Amino acid sequence: MLNGIVCVDKPAGFTSFDVVAKLRGVFKTKKIGHAGTLDPMATGVLPVFVGKATKVIPYMDNKDKKYVAKFMLGKKTDTLDITGTILEEKESNVTKEEVSEILKRYVGKIKQIPPMYSAVKKNGIPLYKLARQGKVVERKSREVEIYELNCKNFDEKLQVGEIEVFCSSGTYIRTLCDDIGTELGVGGVLTDLTRTMACGYDLKECRTIDEIISLKDNDMLEEAILPIESVFCSLPRVYLDSQQEKMFRNGVKLLLKDFSEINGQVAVYGRSFLGIAHLFEGKLKIDKLLAEDID
């Protein structure tokens, strides 16, 4: 069975679950999952984890992401995007300078209230299910961080624009567009969303579902798979000798004096990639064993 990560360029109209269901048939395995849910209208980077790679999904929750988003001013909808029911329309004559100035206020740590049409749960029930019943419930605001926010373009005649967003996990771009429109006094909705980076993977590394199916039909499916360790390429590397590797595989904490200056999560290698661990003052404690020959 193949093990690794498939970077999918999710098409519009598909839920993230739809993509996983499709690839479950392609790879003929139930052991498959994804990180970083995308709305059906959104496209772009959706990392799918196959086989033993599913073990690392819990470690993907706090990964930063990048988006290119299009928006329209002068409207408010119940979903905060163009697919929803229009709640309010206003004449809008906002300038590009005004948009750029407003964007500056959203760089840094900000508070967001999750939209009703989201997978966030209230008393165990996803908000979107309550929203479909016409219910609106109180939601607690969450702190997220926006590292970069730039206006790529803005058409003052049509009142539509495009922004680039580099942000922490958990940031709702729909909410961002709605908040910006509200602060400008005219309302705003998301009209198009492409995720260009997630879990360290770039859109250039992604394949369409049709491309993946074509590889399968030509007995080349392994070409769609990236190794498990690729998701940890940004982490410092620690290399173990054969004796240390054996101890690491058995869950033994190691004292590595040569790495005493590194504190935090690291990728661990022996003869090959072994897994991830935490180093603190030279003490290595295993987080997850991910070696290919370990079940």
Original post:
Quick one: what pairs do we get from the stretch 216-232, first residue among the acidic types (D, E), second in a helix (DSSP H, G or I) and modelled with pLDDT of 95 or more, C-beta under 6 Å, 6+ apart or different chains?
Top reply: E223/L215
Subject >> Any chance T95 is exposed (fewer than 15 other Cβ atoms within 10 Å of the Cβ), in contact with an Asp or Glu (Cβ under 8 Å, 6 or more places away or on another chain), touching a residue at least 24 places away in the same chain (Cβ under 8 Å) and among the hydroxyl-bearing types (S, T, Y) >> reply: yes
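Here is a yes/no grid of residues against (1) at pLDDT 95 or above; (2) closer than 26 Å to F166 by Cβ; (3) outside any strand (DSSP E or B); (4) charged (D, E, K, R):
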site: K30; (1), (2), (3), (4): no, no, yes, yes
site: G36; (1), (2), (3), (4): no, yes, yes, no
site: L46; (1), (2), (3), (4): yes, yes, no, no
site: F49; (1), (2), (3), (4): yes, yes, no, no
site: V99; (1), (2), (3), (4): yes, yes, yes, no
site: I110; (1), (2), (3), (4): yes, yes, no, no
site: A119; (1), (2), (3), (4): no, yes, yes, no
Original post:
Looking at the stretch 29-58, which of its residues are among the β-branched types (V, I, T) and more than 19 Å from L289 (Cα to Cα)?
Top reply: T29, T37, T43, V45, V48
Original post:
Does E211 satisfy being within 21 Å of K52 (Cα to Cα) and assigned to a helix (DSSP H, G or I)?
Top reply: no
Original post:
Within the stretch 167-178, is there a residue that is part of a strand (DSSP E or B) and either modelled with pLDDT under 95 or farther than 17 Å from I102 by Cβ (or both)?
Top reply: no
Original post:
Before we move on, is L80 touching a helix residue (DSSP H, G or I) at 6+ places or on another chain (Cβ under 6 Å) and at pLDDT 90 or above?
Top reply: yes
**OP:** Just one of (1) part of a strand (DSSP E or B); (2) among the β-branched types (V, I, T); (3) not assigned by TED's automatic domain parsing to the domain that holds D217 trips up V94, so point out which.
**Re:** (1)
Subject >> Selection within the stretch 44-60 - buried (at least 22 other Cβ atoms within 10 Å of the Cβ), touching a residue at least 60 places away in the same chain (Cβ under 8 Å) and either outside the structural domain of L215 (by TED's automatic domain parsing) or more than 22 Å from V120 (Cβ to Cβ) (or both) >> reply: V50, A53, V56
Subject >> Residue that is of a type outside the set (K, R), buried (at least 18 other Cβ atoms within 10 Å of the Cβ) and under 16 Å from the mean Cα position of the chain (by Cα), where the choices are V231, V238 >> reply: V231
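The values are calculated or read from the model by the stated rules, or taken from the named source; none is laboratory data. Note that the structure is predicted; figures quoted are calculated from it, not measured. Don't worry about glycine lacking a Cβ; one is built from the backbone with ideal geometry, like all the others, and counts go over all protein chains shown.
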